[in-house]
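One structure below.
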Amino acid sequence: MTSVRKTICLAWVIVCVVMVWAAAKPAAAQTDVSPSPVIEESEYWVRLQTTQELLDEKNAGSTTASADIRALWDNVEGVRIGDDVITVNMEWVTAALDHESDLVELRRHVRALIDTRYETAPSDRSPSLDALRDILADPRFDYGRQTPTPVPDPSLPAPQMSPAVDGLAQIVGYIALILVAVAVIGYFARMMGVQPNRIESSVGSDEPTTSLEAHALAEAYEADRDYRSAIRYLFLALLLQLDERGLIHYDPALTNREHLRQVSTHPQAADLLRQIVSTFEDVWYGFARIDEAGYQQFARQIAQLNASMPTMMTRS
């Protein structure tokens, strides 16, 4: 807990310094035009995954899902990749929320965009700049662009704010800074104060080499409520089991998509495995939220694929 108190103290010092700096800035500096909201590429994919989950909740009767989706995309105008920023228009998501007949199409488009991410870059979980440009240029996601806001002419005098309005703006800015600091403090306090128990592998530091070993680790993590790690080892157990039955050649150097292509001659199994791979990558690489219900759904998908294995082996 000492480290948590140090973090809290440091955060408050930063807040105080920022407030003093803001108060000392010339009033003219407050008239600068703020840049358009831009999010990082990783945040863009996380928000897309969250949108898909909220759409499923809306389909199940949630009354707050639409507002949560709008909160994700309101004012988002760009995605940053490295030193480049790609302009995006997410009205195709928010506009469809007002029409019940458009929700099915919206869910399909969001799912297709997430799938396109991995199909575009199968060996790299973070698509390249060109790949992301290609995805966002896909006609399925082109819903037109708004008329851009005119850029103020720098040669014209900047609008002047009254002292009362300027002082109110500074107060609002201070309050916003304090709220952000409190949120950051709370986040790091939770991260430092709650450490999940580590579960050692039954084979030391090496990865499991049999489906039984991997499955045992999945059950151990499930019992500890670490569903993200449990999904990883349950997925590994499936790949090892497919290898043990001669349906694929498992190689840690291969990507999940390369393993998936090995069962392309079995369309039913390939479809099930594609869903399993998509869920695993969303959770493990995309850090999508996963709870006990989500883990049990993942386990049922694997059980369904295992049930179809005898038929696959007969046809092979």
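Quick notes
- Segment 243-263 residues that are of a type in the set (Ser, Thr, Tyr), paired with ones that are part of a loop (DSSP other than H, G, I, E, B) (beta carbon under 7 Å, 6 or more apart): 255/122; 255/123
- Checking each residue in segment 242-258 for being under 19 Å from residue 281 (Cα atoms), of a type outside the set (A, V, I, L, M, F, W, C) and either part of a helix (DSSP H, G or I) or at pLDDT 95 or above (or both) picks out 256, 257, 258.
- Residue that is farthest from residue 269 (Cα to Cα) [pool: residues in segment 220-238 that are among the aliphatic types (A, V, I, L, M) and crowded, with 22+ Cβ neighbours inside 10 Å]: 230
- Residue list for segment 35-83, filter: in a loop (DSSP other than H, G, I, E, B), surrounded by 16 or more Cβ atoms within 10 Å (Cβ to Cβ) and either without any contact (Cβ under 8 Å) to a residue 24 or more places away in the chain or not charged (D, E, K, R) (or both): 76
- Some residue of segment 202-218 being at pLDDT 90 or above and under 27 Å from residue 52 (Cβ atoms): yes
- Subset tally (residues that are assigned to a helix (DSSP H, G or I), modelled with pLDDT under 70 and not acidic (Asp, Glu)) for segment 86-132: 7
- Cβ separations smaller than 7 Å between residues 6+ apart or across chains give the following pairs from segment 279-300 residues that are in contact (Cβ under 8 Å) with a residue 40 or more places away in the chain to residues that are assigned to a loop (DSSP other than H, G, I, E, B): 282/288; 283/290; 285/125.
- Cβ pairs under 8 Å, 6+ apart, first in segment 87-111 and surrounded by 12 or more Cβ atoms within 10 Å (Cβ to Cβ), second basic (Lys, Arg) and not in a helix (DSSP H, G or I): 89/145
The values are calculated or read from the model by the stated rules, or taken from the named source; none is laboratory data. All of these numbers come straight from a predicted model, not from anything done at the bench. As a convention, Cβ positions derive from the backbone with ideal geometry for all residues, glycine included, and neighbour counts pool all protein chains shown.
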